[in-house]
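Here's the structure we're looking at; comments come further down.
The values are calculated or read from the model by the stated rules, or taken from the named source; none is laboratory data. Computed from a predicted model, the values in this text were never measured in an experiment. All Cβ positions, glycine included, derive from the backbone under ideal geometry; neighbour counts span all protein chains shown. What goes into the accessible areas is simple: the full protein's heavy atoms, side chains included, and nothing from ligands, DNA or RNA. Shrake-Rupley method; radii C 1.70, N 1.55, O 1.52, S 1.80 Å.
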Amino acid sequence: MEPASNTQSLNSTMDAVQAWLTTEGLAFGIRLLGALANFVIGKWVAKLVAGLLTRALDRAKLDATLNRFLTRIANVVLLIV
């Protein structure tokens with residue numbers, strides 16, 4: 001390719017990116033921040049519930065290995081949901 005063609009192609013790509021950012025970029029950024037906040041809050045809630053489950057299973061005198069297994073299963077299920 002010729003240098004002029006590369007420059008023209010780069011300029012058209014940059015124009016397309018700039019047009020997308022001005023039309024859709026803000027909405028995309030807001031959705032991305034919302035998804036990130038959802039993930040962080042969900043992870044915090046899953047950790048809280050897993051801790052409560054661990055304490056409850058400890059009080060029930062359940063085997064430590066089974067306790068860890070059930071707690072991790074609950075944590076994974078809560079993160080998926």
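Annotation for ASN11 and LEU32: the two label points, set 7 Å from Cα along the Cα-Cβ direction, are 2.8 nm apart.
Relative to the longest principal axis of the Cα atoms of the chain, helix 26-59 runs at roughly 10 degrees.
Please work out the ratio of the alpha-carbon Rg of the chain to 2.2 N^0.38 Å and round it to two decimals.
Its radius of gyration relative to the 2.2 N^0.38 Å reference: 2.10.
Just the number, please: carbon plus sulfur as a percent of the accessible area of the chain, 1.4 Å probe, no ligands or DNA/RNA counted.
69 percent
Dipole magnitude for the chain: computed about the Cα centre from +1 point charges on Lys and Arg Cβ and -1 point charges on Asp and Glu Cβ, it is near 860 debye.
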